[in-house]
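Undergrad: I'd like to ask you about the structure that follows.
The values are calculated or read from the model by the stated rules, or taken from the named source; none is laboratory data. All values reported here derive from a predicted model rather than from experimental measurement. Glycine also receives a Cβ, built like all others from the backbone with ideal geometry; neighbour counts cover every protein chain displayed.
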Amino acid sequence: MKIFCRHGYFVFEETHAGQISRFMSLFGLEIESTGDHFTFSSLLDAPDYSLAGGTFFGAPTTEVFAGHPWEIMRVNDLVYNFSLDAVVPIQTVTQVAKVRSAANYFLSDGMLLPGSVMEDGSRVKDYAAFFYFDEMQFKYSELFYE
Amino acid sequence: MNKILDATCEAGIVKVGPISVPDAVILSEGVGASTGILLIEEEESRYVANTTPDLKSAIESTIDALDKIASSLQTIATTLTSIGANMTGPTTAPPPTLAADVITIATNVTAINLEKTALTTLKGMLK
């Protein structure tokens with residue numbers, strides 16, 4: 001199963017039928033279909049704009065912007081913290097990202113929390129990952145942090 | 001991706017509900033209080049006021065002023081006709097309605113000036 005983290009907004013894609021429900025059962029997560037993709041239930045019906053002084057899923061917004069949810073989260077420095085089931089300012093994420101380099105991908109022990117802090121102090125913003133059910137392993141083909 | 005939101009503007013400050021959008025470009029005079037829409041395209045935002053009330057008010061004032069002008073000109077024409085009719089004989093007496101006609105014309109001039117003032121005020125308070 002493919003997992004795309006776009007500045008804290010998640011898109012899930014099945015490579016085989018039934019993977020979403022299996023993934024949900026494994027990790028106790030709620031994922032639903034919206035438009036042309038699957039995402040966390042808490043991110044359904046995301047606003048398509050933000051105002052300075054407004055909110056986005058309860059998190060404070062600082063910029064006037066109209067666009068996709070992940071673009072709004074990017075300009076407002078927000079990410080979805082699936083551990084807390086809440087959209088939060090990226091600066092509030094304190095979890096340390098533990099990533100290992102493998103052949104031509106990266107590995108982590110669990111799904112990386114957007115905004116988590118790398119060794120050099122930068123923060124995880126975007127990634128593309130595969131989850132392998134047989135290995136119970138997240139493998140990251142792309143990982144962007146800044 | 002674009003977004004259109006209902007908005008208001010007063011004294012150059014655009015608001016969406018209670019939230020100010022200070023960087024919005026106002027595509028009108030923006031002096032008078034107005035309702036309108038805020039167009040957001042990525043990080044750019046533009047406010048478009050509903051200027052129909054301004055236009056309606058200006059048209060109504062103009063129509064009122066033209067009515068007064070037409071009425072005055074009609075009164076003048078009627079009076080001149082009466083004066084002309086009296087010029088066929090030895091009498092120099094003015095037509096009996098002259099005083100009332102002059103009052104009507106003066107009243108209309110006052111009303112026209114009030115409409116002019118209203119239009120001048122509107123010009124300075126355009127939405």
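Undergrad: Taking region B:23-74 as the search range and keeping residues that are β-branched (Val, Ile, Thr) and touching a residue at least 24 places away in the same chain (Cβ under 8 Å), which one is surrounded by the most Cβ atoms within 10 Å (Cβ to Cβ)?
TA: If we take residues in region B:23-74 being β-branched (Val, Ile, Thr) and touching a residue at least 24 places away in the same chain (Cβ under 8 Å), then B:ILE40 is surrounded by the most Cβ atoms within 10 Å (Cβ to Cβ).
Undergrad: Can you find a residue that is modelled with pLDDT under 95 and assigned to a loop (DSSP other than H, G, I, E, B) anywhere in region A:21-29?
TA: yes
Undergrad: Only one of these conditions is not met by B:PRO90: (1) surrounded by 15 or more Cβ atoms within 10 Å (Cβ to Cβ); (2) without any contact (Cβ under 8 Å) to a residue 60 or more places away in the chain. Which number is it?
TA: Every condition holds for B:PRO90 apart from (1).
Undergrad: So which residues in region A:106-121 are more than 15 Å from the chain's Cα centre (by Cα) and either part of a strand (DSSP E or B) or under 15 Å from A:CYS5 (Cβ atoms) (or both)?
TA: Of everything in region A:106-121, those that are more than 15 Å from the chain's Cα centre (by Cα) and either part of a strand (DSSP E or B) or under 15 Å from A:CYS5 (Cβ atoms) (or both) turn out to be A:PHE106, A:LEU107, A:MET118.
Undergrad: Sticking with this structure for a sec: If A:ILE90 meets every condition in (1) more than 30 Å from B:GLY17 (Cβ to Cβ); (2) in contact (Cβ under 8 Å) with a residue 40 or more places away in the chain apart from one, which number is that one?
TA: All conditions pass for A:ILE90, except number (1).
Undergrad: Taking region A:51-61, which residues are at the interface with chain B (Cβ under 9 Å from one of its Cβ atoms) and either buried (at least 19 other Cβ atoms within 10 Å of the Cβ) or touching a residue at least 60 places away in the same chain (Cβ under 8 Å) (or both)?
TA: First, the residues of region A:51-61 that are at the interface with chain B (Cβ under 9 Å from one of its Cβ atoms): A:51-54.
Answer for region A:51-61, where residues must be at the interface with chain B (Cβ under 9 Å from one of its Cβ atoms) and either buried (at least 19 other Cβ atoms within 10 Å of the Cβ) or touching a residue at least 60 places away in the same chain (Cβ under 8 Å) (or both): A:LEU51, A:GLY54.
Undergrad: Which condition breaks for A:VAL75 when tested against (1) within 14 Å of another protein chain (Cβ to nearest Cβ); (2) on the phi > 0 side of the Ramachandran plot; (3) within 16 Å of the chain's Cα centre (by Cα)?
TA: In the conditions (1) within 14 Å of another protein chain (Cβ to nearest Cβ); (2) on the phi > 0 side of the Ramachandran plot; (3) within 16 Å of the chain's Cα centre (by Cα), A:VAL75 misses (2) alone.
Undergrad: Among (1) within 14 Å of another protein chain (Cβ to nearest Cβ); (2) part of a strand (DSSP E or B), which single condition is B:GLY36 missing?
TA: (1)
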